[in-house]
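Here the structure is laid out as structure tokens; the discussion comes afterwards.
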Protein chains: 2
Amino acid sequence: MSAQFSYQLSSTSGGARLGQITTPRGVIDTPAFMPVGTAATVKALYCDQVKQTGAQVILGNTYHLMLRPGAERVAKLGGLHKFMGWDGPILTDSGGFQVMSLSKLRKISEEGAAFQSHIDGSKHMLSPERSIEIQCLLGSDIQMQLDECTPFPATHDEAERSMEMSLRWAARSKTSFGANSAPAQALFGIVQGGVYPDLRARSAEGLVGQDFHGYSIGGLAVGEGHEMMLKTLEQTTPLLPTDKPRYLMGVGTPLDLIEAVARGVDMFDCVMPTRSGRHGQVFTWDGKFNLKNARFAEDPRPLDAASSCPAARDYSRAYLHHLVRCGELLGAMLLSWANIAFYQDLMAAMRAAIAEDRFEEFAAQTKQRLAGGPAV
Amino acid sequence: MSAQFSYQLSSTSGGARLGQITTPRGVIDTPAFMPVGTAATVKALYCDQVKQTGAQVILGNTYHLMLRPGAERVAKLGGLHKFMGWDGPILTDSGGFQVMSLSKLRKISEEGAAFQSHIDGSKHMLSPERSIEIQCLLGSDIQMQLDECTPFPATHDEAERSMEMSLRWAARSKTSFGANSAPAQALFGIVQGGVYPDLRARSAEGLVGQDFHGYSIGGLAVGEGHEMMLKTLEQTTPLLPTDKPRYLMGVGTPLDLIEAVARGVDMFDCVMPTRSGRHGQVFTWDGKFNLKNARFAEDPRPLDAASSCPAARDYSRAYLHHLVRCGELLGAMLLSWANIAFYQDLMAAMRAAIAEDRFEEFAAQTKQRLAGGPAV
């Protein structure tokens, strides 16, 4: 636990950045995709499988973990890494996003987010200070300030008020982080401002002035659409320092990742690969397809014979189709695994393309291939 | 695929038998417990995990597989072993039991069991001949005759009529097996007769006269109770040849297994370890307990620090409790794995005790320990 948190930009290819984040628990090659370990488990995967896919960092959800099993309990049991058996870096979100999306009764005020648990109705207050306290109790390596994820659509006035409160919460988070965190932990500020360039600019400026370890881009992929997301990204990343990592929260599809990397994003997380896997959908170099489809019933080929992931390489589509049709847990297990492996392979391929300064060509070819659909 | 099916009795300890079944796909040390791979998957486990627990043979359900994905389809895809990725021996049941327990509309006649699928209502006829044909299409190494699992309670007359039809079905199954099977495959007859010693005797005599590769004991653990099951076993196993394996179908708890081995049974199958695992229950040397229980919420100990199974050894009870409480798939995965491992450890310990002719002592100590409950 001696190394400090740091980010090193190695090279660029167009707007895409190749870099490395160093944490006491290991390095993270960027651009990186973080599998989501919502409630202290990447759903349906063993930790060693997650690691074997190449994932170097996972995400934990503060909202879920504060409710079950509770942050104090995790701390008592030795922290989140020990609790779930993952010894690599862990990034935690602030809990704010899930308060908005999952809690039925919630009230946002300057103090923070008062809410009732979606599980048992118990009442909680998630303030910027409490969010940092929880993340420190969990022992995560990279933490997020509490922010308000501005809904879409929002008027300029609404987005402005929301963004400014998030900025004030950033300052309170940073103060709390200074008082609670271990030396090697890192705190990211979160850029908000909806789809309004002037607000994104003021948000970025305000955060950069507070000097965070990294900068997240929040409030996207909430309904604004792919094009608007990319436009907002294009306007936002140039406002951020080149010597700090940029994290686009909650995104996205393989196409989203390619486009966002092209616009200078370094880190991603999304439940899509695991959630889709539980519903019979797989991501491959030939696009996304649904294994429930009858055309796979007698297809003896694996998902991807060239994959290094056993789930994609060693099981026939016919068998996966059967498992999915029967609702067998092994189907969810194998498809979640294959999807996480594909996402990691995609990131590795993007990193290789940036290193060789051929990202634009790679992106064009890959987008074309992803749109093609599986060979039949 | 050169070796023939054979059984070798190595030694005995009281009524308990140590032996070995040889099949072209590997040996099975007996007494053996067969994990149930209902629909071509041992629920929530990877095949290599099943193998690592020490399991040398698994069971496939003809009823489930004939409906999904269909026996002809499995054959087209290379057989059940290849389809599911298990290269060890597979035993298949006849499908009769599930017709009774799962199908809503069914009609048993001399011809066989006409039934409607519990999945889509499609109509099927499972005759002794069709059952063998299906098992041969699946390519299982050890097959079962179609029988009628006599319900409990049944009058002597009912049990007699049912048993006699099962005997006639045995002969038809054997004829069909002779016409359809590969040289190294084996067919077991199934002793029925309810809880009536005279009927069990006539059933055993009738089957032994037909000279099967092994003999199953069916129609137990269907409501007659533990004591009546043991009493019936005691009356039945002496009627069977010592040079053939005996298989008690669908049983049971760890205590059931110990008592049945003491009475000369060699093979078992049961969904209990996997089904219980999916519901938060674990089997250990200290008995069965439910991880949902709040007393495990902060228990840092593993299920069994001495286990060779990672699921039992490397995860805290607190973490397992959390996973079970949250309904996480990893909870079902880990507990199913730990339970299958415990069942295999129990069988291995029984085999060691028979080899050293101390089975009675082992059984007494283990039963006492199993009744004790987990240390707190």
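The values are calculated or read from the model by the stated rules, or taken from the named source; none is laboratory data. Predicted model, so just to flag it, every value in this text is computed and none were measured. Ideal geometry is used to build each Cβ from the backbone, glycine not excepted, and the neighbour counts take in all protein chains shown.
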Checklist entry - Can you name the residue in the stretch B:310-331 that is surrounded by 23 or more Cβ atoms within 10 Å (Cβ to Cβ) and touching a residue at least 24 places away in the same chain (Cβ under 8 Å) and is also farthest from the other protein chains (Cβ to nearest Cβ) among such residues? => result B:Ala312
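Is it fair to say B:Gly95 is at positive phi and in contact with a strand residue (DSSP E or B) (Cβ under 6 Å, 6 or more places away or on another chain)?
Details: at positive phi: yes; in contact with a strand residue (DSSP E or B) (Cβ under 6 Å, 6 or more places away or on another chain): yes.
In short, yes.
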Checklist entry - If you go through the stretch A:107-141, how many residues are surrounded by fewer than 16 Cβ atoms within 10 Å (Cβ to Cβ) and among the charged types (D, E, K, R)? => result 5
Checklist entry - Do we have A:Ala182 as touching a residue at least 40 places away in the same chain (Cβ under 8 Å), among the small types (Gly, Ala, Ser), more than 30 Å from A:His81 (Cβ to Cβ) and part of a loop (DSSP other than H, G, I, E, B) here? => result no
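Run down B:Lys292, B:Lys288 and say which single residue is surrounded by fewer than 24 Cβ atoms within 10 Å (Cβ to Cβ), assigned to a strand (DSSP E or B) and not small (Gly, Ala, Ser). Lay out the reasoning, then the answer.
Working: B:Lys292 fails: assigned to a strand (DSSP E or B).
Checking each option against the conditions leaves just B:Lys288.
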Checklist entry - So B:Ala348 fits all but one of (1) within 14 Å of chain A (Cβ to nearest Cβ); (2) in contact (Cβ under 8 Å) with a residue 40 or more places away in the chain; what number is the exception? => result (1)
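Residues are listed down the side, and each one gets a yes or a no for (1) closer than 26 Å to A:Arg278 by Cβ; (2) among the hydroxyl-bearing types (Ser, Thr, Tyr):
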| residue | (1), (2) |
| --- | --- |
| B:Glu234 | no, no |
| B:Gly250 | no, no |
| B:Thr253 | no, yes |
| B:Asp266 | no, no |
| B:Arg275 | yes, no |
| B:Asp286 | no, no |
| B:His322 | yes, no |
| B:Leu330 | yes, no |
| B:Leu335 | yes, no |
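Please pick out the residue among A:Phe188, A:Phe152, A:Phe177 that is aromatic (Phe, Trp, Tyr), crowded, with 21+ Cβ neighbours inside 10 Å, assigned by TED's automatic domain parsing to the domain that holds A:Gly60 and within 21 Å of A:Gly250 (Cα to Cα).
Details: A:Phe152 fails: crowded, with 21+ Cβ neighbours inside 10 Å; A:Phe177 fails: within 21 Å of A:Gly250 (Cα to Cα).
After applying the criteria, what remains is A:Phe188.
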Checklist entry - Residues B:Pro69, B:Pro35: which one is within 14 Å of chain A (Cβ to nearest Cβ), touching a strand residue (DSSP E or B) at 6+ places or on another chain (Cβ under 8 Å), within 30 Å of B:Met125 (Cβ to Cβ) and not basic (Lys, Arg)? => result B:Pro35
Item to check | Lone unmet requirement of (1) within 23 Å of the chain's Cα centre (by Cα); (2) of a type in the set (Gly, Ala, Ser); (3) part of a loop (DSSP other than H, G, I, E, B) for A:Ala305 | outcome: (1)
Next on the checklist: I need the full set of residues from the stretch B:43-68 which are part of a helix (DSSP H, G or I) and either touching a residue at least 24 places away in the same chain (Cβ under 8 Å) or among the polar types (S, T, N, Q) (or both), in order please.
Outcome noted: B:Cys47, B:Gln49, B:Val50, B:Lys51, B:Gln52, B:Thr62, B:Tyr63, B:His64, B:Leu65, B:Met66, B:Leu67
Next on the checklist: Name the single residue that is surrounded by the most Cβ atoms within 10 Å (Cβ to Cβ) among those in the stretch A:253-269 being in contact with a strand residue (DSSP E or B) (Cβ under 7 Å, 6 or more places away or on another chain) and of a type outside the set (A, V, I, L, M).
Outcome noted: A:Asp266
Checklist entry - For the stretch B:119-151, how many residues are within 19 Å of the chain's Cα centre (by Cα) and of a type in the set (Gly, Ala, Ser)? => result 3
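Yes or no: A:Ser131 modelled with pLDDT of 95 or more, within 24 Å of A:Asp256 (Cα to Cα) and among the hydroxyl-bearing types (Ser, Thr, Tyr)? Even if it seems obvious, please write down each step before you answer.
On the way: modelled with pLDDT of 95 or more: yes; within 24 Å of A:Asp256 (Cα to Cα): no; among the hydroxyl-bearing types (Ser, Thr, Tyr): yes.
So A:Ser131 does not fit the description; no.
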Checklist entry - What is the one condition in (1) buried (at least 19 other Cβ atoms within 10 Å of the Cβ); (2) part of a loop (DSSP other than H, G, I, E, B); (3) within 14 Å of another protein chain (Cβ to nearest Cβ) that A:Glu298 does not satisfy? => result (1)
Checklist entry - All but one of (1) under 19 Å from B:Lys174 (Cα atoms); (2) in contact (Cβ under 8 Å) with a residue 60 or more places away in the chain hold for B:Gly88; which doesn't? => result (1)
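Quick one: in the stretch A:69-97, of everything that is surrounded by 18 or more Cβ atoms within 10 Å (Cβ to Cβ) and part of a loop (DSSP other than H, G, I, E, B), which residue is farthest from the chain's Cα centre (by Cα)?
So the residue we want is A:Leu77.
Among B:Asp120, B:Asp141, which is the only one that is more than 16 Å from B:Asn180 (Cα to Cα) and either among the acidic types (Asp, Glu) or not assigned by TED's automatic domain parsing to the domain that holds B:Gly223 (or both)? Can you show your working first?
Details: B:Asp141 fails: more than 16 Å from B:Asn180 (Cα to Cα).
Answer to the selection: B:Asp120.
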Next on the checklist: Against the condition over 24 Å from B:Gln49 (Cα atoms), at pLDDT 95 or above and not in a loop (DSSP other than H, G, I, E, B), how does B:Phe342 come out, does it pass?
Outcome noted: no
Checklist outcome for this item: A:Lys107 meets each of (1) free of Cβ contacts under 8 Å to residues at least 40 places away in the same chain; (2) more than 9 Å from chain B (Cβ to nearest Cβ); (3) under 21 Å from A:Met272 (Cβ atoms) with one exception, condition (3)
Item to check | Residue under evaluation B:Met100, criteria (1) free of Cβ contacts under 8 Å to residues at least 60 places away in the same chain; (2) assigned to a helix (DSSP H, G or I); (3) of a type outside the set (Asp, Glu); (4) crowded, with 20+ Cβ neighbours inside 10 Å, criterion not met | outcome: (4)
Checklist entry - Can you name the number of the only condition in (1) outside any strand (DSSP E or B); (2) away from chain B (no Cβ under 14 Å) that A:Arg17 fails? => result (1)
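Provide a single number: the residues in the stretch A:208-245 that are part of a strand (DSSP E or B) and in contact (Cβ under 8 Å) with a residue 40 or more places away in the chain.
Summing the residues that are part of a strand (DSSP E or B) and in contact (Cβ under 8 Å) with a residue 40 or more places away in the chain in the stretch A:208-245 gives 3.
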Next on the checklist: Yes or no: the stretch A:54-64 includes at least one residue that is surrounded by fewer than 24 Cβ atoms within 10 Å (Cβ to Cβ), more than 14 Å from every other protein chain (Cβ to nearest Cβ) and on the phi > 0 side of the Ramachandran plot.
Outcome noted: yes
Checklist outcome for this item: For B:Ser101, the lone unmet condition from (1) among the hydroxyl-bearing types (Ser, Thr, Tyr); (2) within 21 Å of the chain's Cα centre (by Cα); (3) within 14 Å of another protein chain (Cβ to nearest Cβ) is (3)
Item to check | Unmet criterion (only one of (1) touching a residue at least 24 places away in the same chain (Cβ under 8 Å); (2) closer than 23 Å to A:Ser122 by Cα; (3) more than 17 Å from the chain's Cα centre (by Cα)) for A:Ala40 | outcome: (3)
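Filtering the stretch B:152-175 down to residues that are touching a residue at least 60 places away in the same chain (Cβ under 8 Å) and under 21 Å from the mean Cα position of the chain (by Cα), which residue is farthest from B:Ser127 (Cα to Cα)? Break it down stepwise before answering.
First, the residues of the stretch B:152-175 that are touching a residue at least 60 places away in the same chain (Cβ under 8 Å): B:152-153, B:173.
From the residues that got through so far, the ones that are under 21 Å from the mean Cα position of the chain (by Cα) too are B:152, B:173.
Numbers: B:Phe152: 23, B:Ser173: 9 Å.
Out of the qualifying residues, it is B:Phe152.
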